1. Which order do the peptides 190-203, 63-76 take when ranked by the mean count of other beta-carbon atoms within 10 Å per residue, highest first?
2. Label points 7 Å out from Cα along the Cβ direction at Glu44 and Lys56: separation in nm?
3. State the Cα centre-to-centre distance between the range 134-190 and the range 21-58 in whole Å.
4. Ala170 label point, 7 Å along Cα→Cβ, cut-off 18 Å on backbone N: hits in the range 84-98?
5. Could you pull out the pairs from Lys88/Lys134; Lys67/Lys88; Lys134/Lys183; Lys49/Lys101; Lys88/Lys183 whose alpha carbons sit more than 20 Å apart here?
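Please treat every number below as a calculation from the coordinates, not as lab data. As the structure is a prediction and not an experimental result, all values here were calculated from the model. All Cβ positions, even for glycine, are placed from backbone atoms using ideal geometry, and neighbour counts span all protein chains on display.
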Amino acid sequence: MKMLLGCAAVAALLIPATAANAARDYVWGAGSSTVFPFATRVAEQYARKTSSKAPKIESLGTGGGIKLFCSGMGDGFPDIANASRPMKKSEFDACAAKGVKDIVQIKVGFDGIVVATDKDVVIIAQIESPAGVKNIESIVACKPGIDGVIVGRSDLASALGHAGQTENPAVIEATHVIIEACKRNSVPSGIGLYAPHEATKWIDAGCGLFFYSADSALLLNAAKGAFDGFRAALAPRQQQAAE
């Protein structure tokens, strides 16, 4: 049996009611990049307090995590799916079709970002669902209220039905709707970046706040850097062999 733990508002989390599969000696969780830092800290605390192996936590985006979670039971599938929204009926149906049943949804938190300094507390809202896009004018018009807005493109793409496609036209359009609403209400807007060169495009669009999606981007960039290094090191010998 699997259990769905969900955060209220924009975020959600899926977790099994049973322990990890017998053939594995650890719990496996995958899903939302928003929930990823929280889930990682929980995994660390779990390992520290129980002396058990730390759970494996992956950041795949809400849609990607739920899709993998619903793909079947057993060692090859996550015990936990993190999500930045409640599970959809279509996703429950997909789970049932693969034998993933008895899912219970439990709220574990509220999605958002709070940046605190020694003098002030700044409230930053992260928008990553169609509902957030639809209600962006009301969100940014609250006075006093939100001090800034960040667009979570990965989870927004999943919520719009384009998992993993942060450059999909629908995702780009929704992102611009958010940015323009922020401009009209004099609220700073920002976005998560997957590569440094993206910053210029979004600065031109009006963004002034940025965060780097390090969990996947850093791994990809590090791997690319390593391969580039290997190629550079081998280039002289390849040239000698060619001669």
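1. Values: 190-203: 15.9, 63-76: 20.1.
Put in order of decreasing packing, that is 63-76, 190-203.
2. Placing both labels 7 Å along Cα→Cβ, they lie 2.1 nm apart.
3. Centre-to-centre distance over Cα atoms comes out at 30 Å.
4. Within reach of a label on Ala170: 84-92, 94.
5. Values: Lys88/Lys134 18 Å; Lys67/Lys88 11 Å; Lys134/Lys183 16 Å; Lys49/Lys101 30 Å; Lys88/Lys183 32 Å.
Over 20 Å Cα-Cα: Lys49/Lys101; Lys88/Lys183.
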